[in-house]
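The values are calculated or read from the model by the stated rules, or taken from the named source; none is laboratory data. Because the structure is predicted, anything quoted here is derived from the model rather than measured. Cβ placement follows ideal geometry from the backbone for every residue including glycine, while neighbour counts extend to all protein chains displayed. Calculation scope for accessible area: heavy atoms of the full protein, side chains included, ligands and nucleic acids excluded. Shrake-Rupley method; radii C 1.70, N 1.55, O 1.52, S 1.80 Å.
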Amino acid sequence: MTPKFASVLLLVVFCALSGTALIGCTRGLALHRGVLDYDRAVSRAQAEMLLLNVARARYDRPLHFTTVTGIAATFEYRLDAALGAELVENPDLSLLLPSVATGISESPTASIVPIHGEDFAKRLLTPFEETKFAYFIEQGEDPDIILRLMASEILIGVGAQQMRYRNDPGRPEEYRSFRQYALHLAMLGQTNQLHVGPITYQQTWPIPPETDMALAEYVDVLEQGYELKSVPGKGLALTTEVAGRIAITNYALTALPNEERQRLQE
């Protein structure tokens, strides 16, 4: 092996190693960039679609939503090395030409599904579950913002004395009262006086003395979360902890006796 050929061979090896190192460095960067770019693209599409549907609703046009259910991207990293020769008339002047090429290719596949039909109508018309409201409050969100987005109206009073305040700017007087009540709840939240959570209480079922239950039946009931207690003047009873409706109060419900919490739930 001539010194010239050996030096060229070492150059090819050095270039190949450099290309491998380059791919190793860019592999993670390409993946990181791809994930963030896809996330930004989907978020931007959803935001623009929401604004578009606001405009459609403003002019009584039908709403239309499309969702991206999944994105699958394949990243391919390539490294090509070659050694070529260029011959001239003088053999001593022949040139060995090394070449190294690297490349990264990306092949994304996105699944875009229009939302329509009965399921879409249910998603639009079905009210939010009250547990979702409690969840957002637990995460520290502003009650005023949550109510303005989720609530259609606030009802004050009982029976014939009930007043209705709609979350509708088209009804200025009602909308002003709605905002005032929502802001009042927000103020209570900012001063740590707002309590949002389920009404928990102990439910009791007395066991008549003449009831004949086998030991296996008692064990089965206890395994379902019930407790067997002795109630003064009533004998044995089954009790369990019940989580009822979501209540919004300016005091802790646990301060109330069990009977009052039951009446509040009813």
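Quick notes
- Averaged over residues, the count of other Cβ atoms within 10 Å places the peptides 128-138, 61-71 in the sequence 128-138, 61-71, highest first.
- Förster-model FRET efficiency, 25 Å R0, ARG58 and PHE128, C-beta, rounded to 0.05: 0.65
- Across region 177-190, computed HN-Hα scalar couplings (Karplus, 6.51 cos²θ - 1.76 cosθ + 1.60, θ = phi - 60°) run 5, 4, 5, 5, 5, 5, 5, 5, 5, 5, 5, 4, x, 5 Hz from first to last residue, x flagging Gly and Pro.
- Neighbours of GLU266 by Cβ distance under 14 Å: Lys/Arg scored +1, Asp/Glu scored -1, total +1.
- Two-site label geometry, GLN202 and LEU188: point separation in nm, points 7 Å out along Cα→Cβ: 2.7
- Per-residue SASA entry for HIS116, accessible area with 1.4 Å probe, Å² rounded to 10: 130
- Full extension of the chain between GLU173 and ALA45 gives 42.5 nm of extra length, using 0.36 nm per residue less the Cα-Cα distance.
- For THR67, nonlocal amide neighbours, meaning residues 5 or more places apart or on other chains whose placed amide H falls under 5 Å from its own, are VAL113, ILE115.
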